Structures are given as C-alpha cells and as structure tokens.
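Heads up, the thing below is written out as structure tokens.
The values are calculated or read from the model by the stated rules, or taken from the named source; none is laboratory data. Note that the structure is predicted; figures quoted are calculated from it, not measured. We place every Cβ from the backbone using ideal geometry, glycine too, and count neighbours over all the protein chains shown. We work out accessible area using only protein heavy atoms, side chains counted, and drop any ligands, DNA or RNA first. Shrake-Rupley method; radii C 1.70, N 1.55, O 1.52, S 1.80 Å.
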Amino acid sequence: MKIEIEDFFKPVHVKDTFSKDDYEIIDAFINFAKSLSRLTYQSIYLIDYSKKSFLFVSDNPIFLCGNSPAEVLKKGYQHYFDNVPEQDIHLLKKINDVGFDFFENLSKEERLKHSISYDFHLKQSNGKPLLINHKLKPILLDKSSNPWIALCVVSISSHANAGNIKFKSDENGKQFEYNLEKDRWVEAPHVKLKPREKDILLFSAQGLTMDQIADKLYVSIDTIKFHKKQIFSKLKVKSITEATALAIEQSLF
C-alpha cells in the first residue's frame, strides 16, 4: 500500500487553531534550536504538527541530504519521501503510529517528559544511505495536551540495522522498546554504568589507548580489559566505538 504524507498526521489529534500571538511564543523555541545547533554536530529541526510542516532546520549536514536548510524547510515531510528508502518509509509509518499510540496512553502530566528514539536510513549527498538515529521530543502541547511542536535531533546511529525503537522517560530513566516481531512495547532494563566504566568510555572517546587509560586511573591493563568486557556486555556491543556512541545516545554518562 502506498504511503502518503497525510498518513503521518492521521494519529495526530492537535485541534487548536493557533493565533499569530501563539506563534510569537514559537520564536523563542526557534532561537533556542538555532543556538543548540551551533553547539553540536547533530542536525536539529522543529516540527509543527498543526501546520504539518517544519519550523526550523539547522545547517548541520546529516539531515540535509545535500539540500540547503531552506530547501528542506520548504519541503517539510516530502524530504523524507525524497531521501528515505521505501522500506524505511513503511518502518517510519509504523513508528509514527505506535509512537503516537504510546503517547496517548501517557497522562497529560507525563507527555512532555518522554522522548522517542529510532533508527532509519537517510540518503546523503553522495547518494548512499546512512543509518541515522532520530530522537523526537514534544516541547509544546495544545490545550488538549496533544503534541503541537516537537524538537528532533539527528545523529549517526550506533546500530547496524534500522528500527531500535525506544520510548524513554526523562524523569526516571524508564525505557520501553518496541518489538516489531511481536508488535508490542516491552519495558527494557535500565542500563547503569559504574563510575570507573564511565571514566574508561570518556578516556576512550578522547583517543587514549588502554595503556594510557590504565596510567590515568592507576590500575593495571587487565583491570581495564575487565571493565571493557563489562561495558560491552551491558551495552550489547562489540567495540569501544560502538559503546561510546551508544552511551552518548542513551545519556549514560
């Protein structure tokens, strides 16, 4: 079945008719997004569910796919259809449906305290698809507590395949993963890194070798190797690069 842009907005129940005064509030969020985009390599953009469009697109290249921010801003959701492989468009539609369903089951007080994260392929300026991680968080709701404005952050994924759909609470760290095969949400165990494990990841991210990390922490190489095995086991990864990327993605530091 062919998917249309409008299909992505069917689960969205924003009903308010927003005035010019309402949109003056948005300027502050756009300025915040602009400032944030200058501090990170990640791509940042804002979605307006009422107008079914983008409000802001940063000039960080990962999300642009060779276009300018102005071009992507004008295209809005068509940008996905132009640059996401068809298989992943169907995945995005599924994520959109189950994500809004999850959101609707949250209390009104909880709706601004959760974010969703998932991976899909996005064609880059060289024409090759890149697996990216996409985080979306509602930052403004309408009078009925439906999502109005959402902040989106795009970075390179630390996973090997598309999917990896997670809903996370900002307040208590509780996390739910969506099982595509079983078609349901499953509560995921909360991963916690010990202070020493965090130190090793941070030093590794700085480019230090195991010998150098051992010297910094005044421990043996065998101790560093032991902690690395523990990190890999907890995060279910096979390299320190994957571990570092996943720890950043899941805010484990």
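Annotations for the structure displayed:
- The 3J(HN,Hα) values that the Karplus relation (6.51, -1.76, 1.60; θ = phi - 60°) gives for the range 55-61 are, in residue order, 9, 8, 9, 6, 8, 5, x Hz. Gly and Pro appear as x.
- Among Y49, I62, S37 - extreme Cα towards positive end, dipole of the range 32-74, charges at beta-carbon: Y49
- Pairwise Cα distances in the range 1-73 exceed 22 Å for 35 percent of all pairs.
- With the convex hull constructed from alpha-carbon coordinates only, the range 93-214 shows a mean projected area of 10.4 nm² over all directions.
- For L55, the residues whose amide H sits under 5 Å from its own are L46, I47, D48, ignoring neighbours fewer than 5 places away on the same chain, with H placed 1.01 Å from N.
- In order along the range 134-139, the Karplus-derived 3J(HN,Hα) couplings, from 6.51 cos²θ - 1.76 cosθ + 1.60 at θ = phi - 60°, round to 10, 10, 10, 9, x, 10 Hz, and Gly and Pro are given as x.
- Among R111, R184, R196, the sequence by solvent-accessible area, most first, with a 1.4 Å probe is R184, R196, R111.
- Residues whose amide H lies under 5 Å from that of K174, counting only those 5 or more places away or on a different chain, are S169; hydrogens are built 1.01 Å from N in the peptide plane.
- Element breakdown for the range 116-171 at a 1.4 angstrom probe: carbon and sulfur atoms account for 52% of the accessible area.
- When +1 charges are put on Lys and Arg Cβ atoms and -1 charges on Asp and Glu Cβ atoms, the dipole computed for the range 96-182 relative to its Cα centre reaches about 260 debye.
- Across all directions, the average flat footprint of the convex hull enclosing the Cα atoms of the range 109-150 is 3.6 nm².
- Whichever lysines have a C-alpha closer than 29 Å to that of K229, once near sequence neighbours (fewer than 8 apart) are set aside: K135, K166, K168, K174, K192, K194, K198, K216, K238
- Adding -39500 (n - 2.57) for every DSSP H run of four residues or longer, then dividing by how many residues the chain holds, sets the calculated 222 nm ellipticity at -11500 deg cm²/dmol.
- Based on alpha carbons, the Rg and Dmax found for the range 168-253 are 14.9, 48 Å.
- Heavy-atom accessible area ranking, 1.4 Å probe, most first, across T209, T40, T17, T241: T17, T241, T209, T40
- Computed from the alpha carbon positions, the gyration tensor of the chain leads to an equivalent ellipsoid with semi-axes of 34, 20, 19 Å, biggest first.
- For L140, residues with placed amide H under 5 Å, excluding near neighbours: W148, I149
- Length released on extending from F81 to Q212, taking residue separation times 0.36 nm less the Cα-Cα span: 42.5 nm
- Taking 17 Å as the straight-line reach from the Cα of K182, the aspartates and glutamates in range (excluding those fewer than 8 positions away in the same chain) are D97, D101.
- Couplings 3J(HN,Hα) of the range 154-162, computed from phi: 10, 9, 6, 6, 9, 9, 9, 9, 5 Hz, in residue order, whole Hz [Karplus 6.51 cos²θ - 1.76 cosθ + 1.60, θ = phi - 60°; x for Gly and Pro].
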